[in-house]
Structure formats: C-alpha cells, structure tokens
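I have placed the structure first, in the form of structure tokens, so that the comments after it can refer back to it.
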C-alpha cells in the first residue's frame, strides 16, 4: 500500500502528515472513502505523526511531500492481529460456556460477547504495542 501525504506541521521532533487525496495511488483515497493513513494513525483520523527526520537524515518541513509505503506482508500481519483475536474470542466464548456452565443459550450469547470484547481488547493492545512498519520517502523539493 502506498499513500502520498503532505507535511502539515513539525513540532517537538515529530511531523504531522495529511493524505493528499488527488495525488494518492491508494484506492481508498481515490475512491473518496477516506484516507488509508487513518489505519496507521493512533487517533483514527486522516493524519499521522512520524519522526521529523526521514530515514536518510533529511529534516521534514511544512509543505514537503512524502510517500508512505507499507509492505504487503506487514499489512497482512496487521490484519491478522486486528481480526483473529476477536474472531477467536467470539467462537471460543460459547464453547467454554458450554462446558463450564450448564445453562441455556443466553449464557452462550453472553460468553460470545465477552469473548469478542476480550479479543478486541487484545488485538487493540497488540496493534498499539506493535503498529504496522512503514517506509517514509521524501519527494524532491522544487
């Protein structure tokens, strides 16, 4: 996945980037469904904070164009971390309730919701601790 962005501001050694919808090669951006950067951002918005220096040592300045690239393997890893724990909790909850608590279908439903919530919390914690790795490339300045 590749998204083109522009540096909005640089503060305290961090640069805030915003997706450029018209210039991006990303299908989410070009389709008008919102920016793909929101998947990398902790706040869920269409901006992301990155270190103010690019990997080659060049300092970012407001107005600079950059490209963020996430490899397919990294995207797959993040997708598995996001969806597998909630799914496992949703399926394991009723199974555990069936053997642990002799009851009716209401207990299975409660256990499914609890398992889903625990799986969601687990995946959220994993993704906060280990977000997708990306490459940042600075476009040449005019």
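Any read-out appearing in this document is the output of simple, stated calculations on the displayed coordinates, not a laboratory observation. The structure displayed is predicted, hence computed values, not measured ones. In this analysis, Cβ positions are derived from the backbone assuming ideal geometry, glycine residues included, and neighbour counts consider all displayed protein chains.
Relative contact order for the stretch 74-128: what is it in percent, counting Cα pairs under 8 Å that are at least 6 residues apart?
On the way: 66 pairs, mean separation 27.1, N = 55.
So the answer I get is 49 percent.
What's the extension gain from residue 10 to residue 102 if we count 0.36 nm per residue and subtract their Cα-Cα distance? Mind showing how you got there, number by number?
Working: separation 92, 0.36 × 92 = 33.12 nm, distance 5.88 nm.
So the extension gain works out to 27.2 nm.
Exposure proxy check: 134, 83 ranked by fewest other beta carbons within 10 Å?
On the way: 134 19, 83 12.
By the 10 Å Cβ count, ascending: 83, 134.
Extending each Cα 7 Å along its Cβ direction at residue 2 and residue 80, get the distance between those two points in nm, one decimal.
2.6
Dividing the alpha-carbon Rg of the stretch 88-142 by 2.2 N^0.38 Å yields what? It would help to have the intermediate numbers written out before the result.
Details: Rg = 19.9 Å, N = 55, 2.2 N^0.38 = 10.1 Å.
Normalised Cα radius of gyration, the stretch 88-142: 1.97.
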